[in-house]
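Visitor: Here you go, one structure.
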Amino acid sequence: MTAPALPAVQFRVDVGRLDDHHFDIAMELADAPARLTVSLPVWIPGSYLVREFSRHLSGLSAERDGRPARLTPLDKHRWAVEAPGSGPLRLRYRVYAFDNSVRSAWLDRQRGFFNGSSLFLSAEGFEEREQQVRLDGLPSGWEVATGLPGTVDGGWCAPNYDNLIDHPFELGPFWRGRFEACGVSHEFVVAGAPPGFDGERLLADTRRICEAQLRFWHGEAPACFDRYVFLLNAVDDGYGGLEHRNSTALICNRRDLPRRIAAPANGSTPSAPPASDGYVTLLGLISHEYFHTWNVKRLKPAEFAPYRLDAEQYTELLWFFEGFTSYYDDLFLLRAGLVDEARYLKLLAKNLNQVLGSPGRAVQSVAEASFDAWIKYYRPDENSANATVSYYTKGSLVALALDLTLRGEDCGDLDAVMRRLWQVASERSGSAGGPITEADIAEALQAVAGRSLAPVLAAWVHGRNELPLQALLQRGGVRWNREAPTLAQRLGARLQEAPGGPKVQAVLDGGLAATLGLAAGDELLALGGWRLAKVDDLTLYGAFDAEQPQTLLVSRDRRLLSLTLPAMAGTVEGAVSLTVDPQPDPQALQRRARWWSRTGA
Ligand SMILES: [Zn+2]
């Protein structure tokens, strides 16, 4: 009998340095050539910004057969290794881990977390070889959660580098729960949960989302994965998620977690309180990342096959992969019975108002926004609202508009389009999902609609005009209402509370604030002789409600500016609110019922 062959690449991660927040890493290559290049990714798939993970790597050394190897840095993230010999090549380095996000790595006395893109060097020529991870020095009482198959004793194995770095690890004394959905085993891990956390409710609600989505994509057929892991980090103030092939890393506000309620004194079972807005936001995030399991992790932009992690990788399709996922995330809360119709329409209106409140929607198309994600969406500044549109929110409205177009003509729906794309891509690639292009999306729309929607798709994705949503929603049995404009809307600015008084966050193109000469960062000190302490004080002291124009005293870089606020603001539209049309025509009623039904059919 021969011993089983060792994986070609082995990593040992020492978790012991909790207080100085470093992972010590030993990497071993069994049969390395005399010369090779090692590198660390500069970005992590799913988060389109060059983050230069190698800036946290230090102390790199290498040896072979007891002799030090020669290391030459080639650029910011690659090193040449020269090490003649026959024994295994051993590299050592450490990675600083103190970024409390889902994108890189963290280590302290409370918990550890890492993405492989922050910790594991890629060895040239070894990318397709088996990679193994072992953890050393795990503090007592700590557990490990990851979607990668393996155990603490035996280590974890990935068939290649791409797979290795698509499985984040959570380490610590976390809360852990499990459930089954459509034959797939799911694990939910929560770090930082407060004592009254209601884990059972989180599991039950998440399970409903998973079942609805598994049935959406696979019907009664087996799913394309057999295990899934949610890694949630509950913090004082934070929000975000990153999708992976059979797991997701999430971050949420601790107070948004569901809480157990005390049993009434009479011994009866307490009824669950309605979900808080924060909890609905968390469920929406869970739904979003889970939907990505199909839409971007398996169906993916053709440009991302394969990922290249040494520089920006451009695609015009994030409006589809992020936007359509954003459309379905809230829709699945409704279809799974976790929010009612009124609440769903509030979530929809919030997206709508975010787009309508950004003049940049007339400047940038969602295809352009996708392409420029690296320099615009991920690098927002005070001018973003004027120059950019979000491929998340406007992309979700394109999905809504397409869905309502199909449903309004009673010729299918977007659900059928998504499933057709899945089927076409899977047949083409011979696996679950696969790369797709905009032409594939147009083809799937045509197949479902029975006529070409290419001109409509091109106008909505590459154009900058308004989407005809009011009419489309009406045909779907939803009423579009306008609220009275808020003070900030009348002013044409985004305002924020600050210690010294209200502050201008952004000035919107074409609005009154722009005409007056206000700028981002301006402190609003006084109006008509009244000292302002809060944003609301502008209303209290009569902005747009005085007989005469008023003097607005502003501070910019410690210089005082005196501006004249007119007595009346121009005509400005308020936010949109959406309500269920109480008396729709019978067809609209039927369409709405199908759109929101649990099966979506
Ligand atoms: Zn997303």
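The values are calculated or read from the model by the stated rules, or taken from the named source; none is laboratory data. Please read these numbers as outputs of a predicted model, since none were measured by experiment. Because the Cβ atoms are built from the backbone with ideal geometry, glycine has one as well, and the counts that use them run over all protein chains shown.
Visitor: Can you find, within the stretch 296-339, the residue that is nearest to the ligand (Cβ to nearest atom) among those that are surrounded by fewer than 21 Cβ atoms within 10 Å (Cβ to Cβ) and of a type in the set (S, T, N, Q)?
Guide: Once the filter is applied, the top-ranked residue is 315.
Visitor: Could you tell me which of the residues 408, 412 is of a type outside the set (Lys, Arg) and at positive phi?
Guide: From the options 408, 412, the qualifying one is 412.
Visitor: Taking residue 124 as the residue in question, decide whether it is over 22 Å from residue 91 (Cα atoms) and either surrounded by fewer than 22 Cβ atoms within 10 Å (Cβ to Cβ) or at pLDDT 95 or above (or both).
Guide: Judged against the criteria, residue 124 is not a match.
Visitor: Sticking with this one: Select from the stretch 37-94 the residues that are more than 25 Å from residue 135 (Cβ to Cβ), surrounded by fewer than 15 Cβ atoms within 10 Å (Cβ to Cβ) and either among the polar types (S, T, N, Q) or within 16 Å of the ligand (Cβ to nearest atom) (or both) and list them in ascending order.
Guide: Once the filter is applied, which keeps residues that are more than 25 Å from residue 135 (Cβ to Cβ), surrounded by fewer than 15 Cβ atoms within 10 Å (Cβ to Cβ) and either among the polar types (S, T, N, Q) or within 16 Å of the ligand (Cβ to nearest atom) (or both), the stretch 37-94 yields 72, 86.
Visitor: Something else: Among the residues of the stretch 174-195, write down those that are within 23 Å of residue 118 (Cα to Cα) and touching a residue at least 60 places away in the same chain (Cβ under 8 Å).
Guide: If the condition is that a residue be within 23 Å of residue 118 (Cα to Cα) and touching a residue at least 60 places away in the same chain (Cβ under 8 Å), then 174, 190, 191, 192 are the ones that fit.
Visitor: Please go through the stretch 268-287 and pick out each residue that is among the β-branched types (Val, Ile, Thr), away from the ligand (no atom under 16 Å from the Cβ) and not in a loop (DSSP other than H, G, I, E, B).
Guide: Hit for the stretch 268-287 is 280, nothing else.
Visitor: Counting only residues that are surrounded by fewer than 21 Cβ atoms within 10 Å (Cβ to Cβ) and more than 30 Å from the chain's Cα centre (by Cα), which one in the stretch 496-510 is modelled with the lowest pLDDT?
Guide: Checked the stretch 496-510; the qualifying residue modelled with the lowest pLDDT is 500.
Visitor: Residue 428 passes all but one of (1) closer than 24 Å to residue 303 by Cα; (2) surrounded by 19 or more Cβ atoms within 10 Å (Cβ to Cβ); which number fails?
Guide: Condition (2) is where residue 428 drops out.
Visitor: Can you go through 365, 384 and tell me which one is under 29 Å from residue 579 (Cα atoms), among the hydroxyl-bearing types (Ser, Thr, Tyr), more than 16 Å from the ligand (Cβ to nearest atom) and touching a residue at least 24 places away in the same chain (Cβ under 8 Å)?
Guide: 365
Visitor: Just wondering, is there one or more residues in the stretch 430-449 that are within 28 Å of the chain's Cα centre (by Cα) and farther than 24 Å from residue 295 by Cα?
Guide: No, because not a single residue in the stretch 430-449 is within 28 Å of the chain's Cα centre (by Cα) and farther than 24 Å from residue 295 by Cα.
Visitor: Moving to a separate point now. Regarding residue 569, is this residue of a type in the set (A, V, I, L, M, F, W, C), part of a loop (DSSP other than H, G, I, E, B) and either farther than 30 Å from residue 489 by Cα or touching a helix residue (DSSP H, G or I) at 6+ places or on another chain (Cβ under 9 Å) (or both)?
Guide: yes
Visitor: In the set 269, 293, which member is touching a residue at least 40 places away in the same chain (Cβ under 8 Å) and among the polar types (S, T, N, Q)?
Guide: Only one candidate qualifies: 293.
Visitor: Something else about it: With respect to the numbered conditions (1) under 24 Å from residue 352 (Cα atoms); (2) in contact (Cβ under 8 Å) with a residue 40 or more places away in the chain; (3) not in a loop (DSSP other than H, G, I, E, B), which one is the sole condition not fulfilled by residue 484?
Guide: Of everything listed in (1) under 24 Å from residue 352 (Cα atoms); (2) in contact (Cβ under 8 Å) with a residue 40 or more places away in the chain; (3) not in a loop (DSSP other than H, G, I, E, B), residue 484 misses just condition (3).
Visitor: Does residue 355 qualify as being at pLDDT 95 or above, touching a Lys or Arg at 6+ places or on another chain (Cβ under 7 Å), within 27 Å of residue 311 (Cβ to Cβ) and away from the ligand (no atom under 16 Å from the Cβ)?
Guide: no
Visitor: Name the one entry in 444, 493, 513, 543 that is buried (at least 21 other Cβ atoms within 10 Å of the Cβ) and either at pLDDT below 95 or among the hydroxyl-bearing types (Ser, Thr, Tyr) (or both).
Guide: 543
Visitor: Can you name the residue in the stretch 223-267 that is aromatic (Phe, Trp, Tyr) and either within 16 Å of the ligand (Cβ to nearest atom) or part of a strand (DSSP E or B) (or both) and, of all such residues, is surrounded by the fewest Cβ atoms within 10 Å (Cβ to Cβ)?
Guide: In this case the residue turns out to be 239.
Visitor: Hey, can you tell me all the residues within the stretch 391-421 that are closer than 14 Å to residue 321 by Cα and either part of a loop (DSSP other than H, G, I, E, B) or in contact with a Cys (Cβ under 9 Å, 6 or more places away or on another chain) (or both)?
Guide: Answer for the stretch 391-421, where residues must be closer than 14 Å to residue 321 by Cα and either part of a loop (DSSP other than H, G, I, E, B) or in contact with a Cys (Cβ under 9 Å, 6 or more places away or on another chain) (or both): 391, 392.
Visitor: Please tell me if residue 370 is among the polar types (S, T, N, Q), within 14 Å of the ligand (Cβ to nearest atom) and either in contact (Cβ under 8 Å) with a residue 40 or more places away in the chain or closer than 18 Å to residue 50 by Cα (or both).
Guide: Yes; evaluated as a whole, the condition is true for this residue.
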